[in-house]
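Written below as structure tokens is the structure these notes are about.
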Amino acid sequence: MYEKFLSERIAKLRAIKKVSARDMSLSIGQNENYINHIENGKSFPSMQVFFYICEYLKISPKEFFDDGAENPALIKEVVEDLNTLDEKQITNIHEIIKGLKK
């Protein structure tokens with residue numbers, strides 16, 4: 001169960017980032033087939049490499065395992081931006097969001 005989640009989650013988050021498995025593998029200091037092997041269930045990352053994967057995706061391990069968030073890196077960025085606004089601005093954005101959900 002968790003093995004499938006890990007491989008599918010990496011594939012999904014990598015696709016959102018629009019990067020190839022090869023480029024991601026090389027960017028985290030691994031051989032060019034590393035991410036491909038994880039996504040195909042042939043291997044699993046060590047904890048250290050898992051942290052590199054999260055860092056590369058710009059998310060925390062907690063955000064990685066939150067499968068309710070389709071694009072955790074974008075959500076994190078939006079929350080950081082919201083934290084720079086005053087209460088009235090946040091209220092206005094909240095009203096916009098509620099309108100978009102209808």
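Laboratory data are not the source of any read-out in this text; all were calculated from the coordinates shown. Just so we're clear, the structure is a prediction, and the values are computed from it rather than from any experiment. When we count neighbours, we look across all protein chains shown, and the Cβ atoms used for this are built from the backbone with ideal geometry, even at glycine.
Some observations on this one:
- FRET efficiency estimate (nearest 0.05) - Cβ-Cβ, I96 to E8, R0 25 angstrom: 0.20
- Principal-axis tilt of helix 87-101 within the chain, Cα atoms, nearest 10 degrees: 70 degrees
- Spacing of the two label points (7 Å from each Cα toward its C-beta) at K88 and F51, in nm: 4.5 nm
- Under the convention that each Lys and Arg Cβ holds +1 and each Asp and Glu Cβ holds -1, the size of the dipole of the range 10-102 around its Cα centre is about 320 debye.
- Rg then Dmax, both in Å and based on the Cα atoms of the range 41-102: 16.0, 51.
- Centre-to-centre, using Cα atoms only, the range 59-76 and the range 81-102 are separated by 20 Å.
- Loop-located GluC sites (Glu not before Pro) across the range 43-78 with a Cβ neighbour count of 12 or fewer within 10 Å are E70, with loop assigned by DSSP.
- Between 0 and 90 degrees, the angle of helix 72-82 with respect to the longest Cα principal axis of the chain falls at about 30 degrees.
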